[in-house]
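*Asks:* The structure follows.
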Amino acid sequence: MAARTDAPHTPSAAQDRFDALLDAAVDAIVLITPEGRITRFNSAAERLFGYTPDEVLGRNVSMLMPDPDRSAHDEYIGRFRRTREARIIGIGREVTAQRKDGSTFPIELSVGEFVSQQGSGFVGILRDITVRKRQEARLRRQAQELRLIFANAPMAFVVTDAAGALLEVNDSCCALFGMTDKALLRRPIAELMHDDDRIDGERILTSLVRDGGSARRPLRFVDAEGGTIHVHMHAAVGRDSDSEDTPLMVIVALMDRGPLLRATREAEELRTRLTHVGRLGTLGEMVSGIAHELGQPLSAIVSYAHASRRMVAADSVSSDELQDILSRIADQGERAGQVIRGLRALLRKRGEVREHVDCSALVREVVPLCEPEIRQAGFELVLDLDADLPAVQADGIQIQQVLLNLLRNAIDAMLERSRDDRIEIITRHRADTVEVAVADSGPGIADDAAGHVGEPFYTTKQEGLGLGLSICHSIVAAHQGALRFEINARGGTTFRLTLPTDSSEGTP
């Protein structure tokens, strides 16, 4: 039997294995003598620094470093050999390396000391951390940007832990509550909620922590002086990326609704004042006709009173005749009183009122205010009113203002040009709405004007201000209704006012 050659254990085989191990390593590996001369330079080091082994072997390892480390490297090694005090050797740290082309880059350097039969020296393992440092810089920049956004955002932001304690607040949050960050931090956010909204707010946050997702809800909070803060709360949960079941924080944005609510109230007050001015303007244009309408019953009352006085003085009146005269006086007084009551109601300035109203009844009440003008123009007013309309929830005076404006527009249109002498007012119940239609036989609305009807200050009248229909649209929109127009079969215009029926009618 031939003798076995144990080649793997020969010095040459061990060296081959060592060389293969060095060249297979992903990281750059450099071996140096105790004096700092390079003895080995693996393939990864060649790729990293751009040198071939022939260019570096036997040279000082400081050639792989920029200044000031290059100049001080020999001193570093000498100090370690004298004191055995580790600065890099045996510890490792991040340093800057230099390629053959002179460019520098960050590396993670680990240095170890070795002692063998062949001698001693140091081995350095170098890892290029350019990508990692770039990523770290980007993350730091993003974190700084987020910090700046959070701190300087015009909206109040808070961050709480899973239990609801405030971890971070921004400047806008401090301004909103009138408190310093020290006064706010670590406090449960529920303590800042309004008493009437606290249960709902806690329920929302608890649900978020349990189920995740986000939530949006109007809530009320309380400031440092006990005042109510109206906000729209947006909240979302941040969870651990390694464990989606672990909530880390709740991020809450509080949008102050105070300015919006104040602006809404101011706009509503302005709309109410403008509506009242619109009524005064409409009635001012009708004053001559109304004066005539009042003059007729008052003249009749005076005439009946004088006649009855003469008959009583002459002792030529019977009881039945006197009762008949007094009844006529009462009728004329009621007629005058009806007009005056309608005027007083329309002239009265008041806040917005919502009540059950019958649109057919509203039409009957407003018609006497336009009848003098309609008769004087020689037109006929035709009423087709549904006697069994459901009630609507509305401000009756404001709806009458809309009807009055539509009636006067119909009269003005027919005075300009009319195909017949009929104005129609029709009320109908349609699905879940009540409709009031005012139809005239005027010239209709031109195509170029149709898109502008209802715009503020747009008018086709020579002396109009263009506010009447604009105010009407505003009133109807405030009642969640609609005001539309169309050309009718007679060539004139039909305006259709629709209002939602009162869903609460008949409920206890």
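*Asks:* Does V131 qualify as being assigned to a helix (DSSP H, G or I) and either loosely packed, with under 13 Cβ neighbours inside 10 Å or out of contact with any Phe, Trp or Tyr (no Cβ under 6 Å at 6 or more places or on another chain) (or both)?
*Replies:* Yes, satisfied.
*Asks:* May I ask you to list pairs of residues, at least six apart or on different chains, whose Cβ atoms are under 9 Å apart, with the first in segment 162-185 being among the acidic types (D, E) and the second being part of a loop (DSSP other than H, G, I, E, B)?
*Replies:* Correct list of pairs: E168/L185; D171/A153; D181/N170.
*Asks:* Which members of segment 359-384 meet the condition of being at pLDDT 85 or above, closer than 14 Å to L497 by Cβ and either touching a helix residue (DSSP H, G or I) at 6+ places or on another chain (Cβ under 9 Å) or open to solvent by 10 Å² or more (accessible area, probe 1.4 Å) (or both)?
*Replies:* Within segment 359-384, C359, L362, V363 qualify.
*Asks:* Among (1) in a loop (DSSP other than H, G, I, E, B); (2) at pLDDT 90 or above; (3) surrounded by fewer than 16 Cβ atoms within 10 Å (Cβ to Cβ), which single condition is E85 missing?
*Replies:* Status for E85: all satisfied but (2).
*Asks:* Of everything in segment 375-409, what is among the basic types (K, R) and in contact (Cβ under 8 Å) with a residue 12 or more places away in the chain? Give them in sequence order. Please lay out each step first, then the result.
*Replies:* Taking segment 375-409 as the starting set, the residues that turn out to be among the basic types (K, R) are 375, 408.
Matches in segment 375-409: R408 only.
*Asks:* Using beta carbons and a limit of 7 Å, which pairs, at least six apart or on different chains, have the first residue in segment 11-22 and over 17 Å from A44 (Cα atoms) and the second one surrounded by fewer than 11 Cβ atoms within 10 Å (Cβ to Cβ) and of a type outside the set (F, W, Y)?
*Replies:* Cβ pairs passing all conditions: A13/A7.
*Asks:* Then there's this: Being open to solvent by 90 Å² or more (accessible area, probe 1.4 Å) and either in a helix (DSSP H, G or I) or modelled with pLDDT of 85 or more (or both): is that true of R138 here?
*Replies:* Yes: the conditions hold for R138.
*Asks:* Since S214 meets every condition but one in (1) open to solvent by less than 70 Å² (accessible area, probe 1.4 Å); (2) of a type in the set (S, T, N, Q); (3) in contact with a strand residue (DSSP E or B) (Cβ under 7 Å, 6 or more places away or on another chain), which condition does it not meet?
*Replies:* (1)
*Asks:* Could you pull out the residue among D412, D432, D420 that is under 20 Å from G481 (Cα atoms) and open to solvent by 10 Å² or more (accessible area, probe 1.4 Å)?
*Replies:* Only one candidate qualifies: D432.
*Asks:* Something else now. So which of A175, A235 ends up being assigned to a helix (DSSP H, G or I) and not charged (D, E, K, R)?
*Replies:* Of the residues listed, the single one that is assigned to a helix (DSSP H, G or I) and not charged (D, E, K, R) is A175.
*Asks:* Same structure, new question: Taking A387, is it assigned to a loop (DSSP other than H, G, I, E, B), open to solvent by 20 Å² or more (accessible area, probe 1.4 Å) and either basic (K, R) or more than 24 Å from I487 (Cα to Cα) (or both)?
*Replies:* Spelling it out, A387 is indeed assigned to a loop (DSSP other than H, G, I, E, B), open to solvent by 20 Å² or more (accessible area, probe 1.4 Å) and either basic (K, R) or more than 24 Å from I487 (Cα to Cα) (or both).
*Asks:* Looking at segment 88-108, which of its residues are over 52 Å from the mean Cα position of the chain (by Cα), open to solvent by less than 30 Å² (accessible area, probe 1.4 Å) and at pLDDT 75 or above?
*Replies:* Within segment 88-108, just A97 meets the criteria.
*Asks:* So E113 ticks every box in (1) at pLDDT 75 or above; (2) open to solvent by 90 Å² or more (accessible area, probe 1.4 Å); (3) not β-branched (V, I, T) but one. Which box is left unticked?
*Replies:* Every condition holds for E113 apart from (2).
*Asks:* Something else about it: Name the pairs: first residue in segment 306-326 and assigned to a loop (DSSP other than H, G, I, E, B), second residue open to solvent by less than 70 Å² (accessible area, probe 1.4 Å), Cβ to Cβ under 9 Å, at least 6 apart or on different chains?
*Replies:* V317/S308; V317/M311; V317/I325
*Asks:* Based on what the data block shows, is T180 among the β-branched types (V, I, T), at pLDDT below 90 and more than 21 Å from the chain's Cα centre (by Cα)?
*Replies:* no
The values are calculated or read from the model by the stated rules, or taken from the named source; none is laboratory data. The structure displayed is predicted, hence computed values, not measured ones. Here the Cβ is made from the backbone with ideal geometry for all residues, glycine too, and neighbour counts use every protein chain on show. Just the protein is used for accessible areas: all its heavy atoms, side chains included, with ligands, DNA and RNA removed. Shrake-Rupley method; radii C 1.70, N 1.55, O 1.52, S 1.80 Å.
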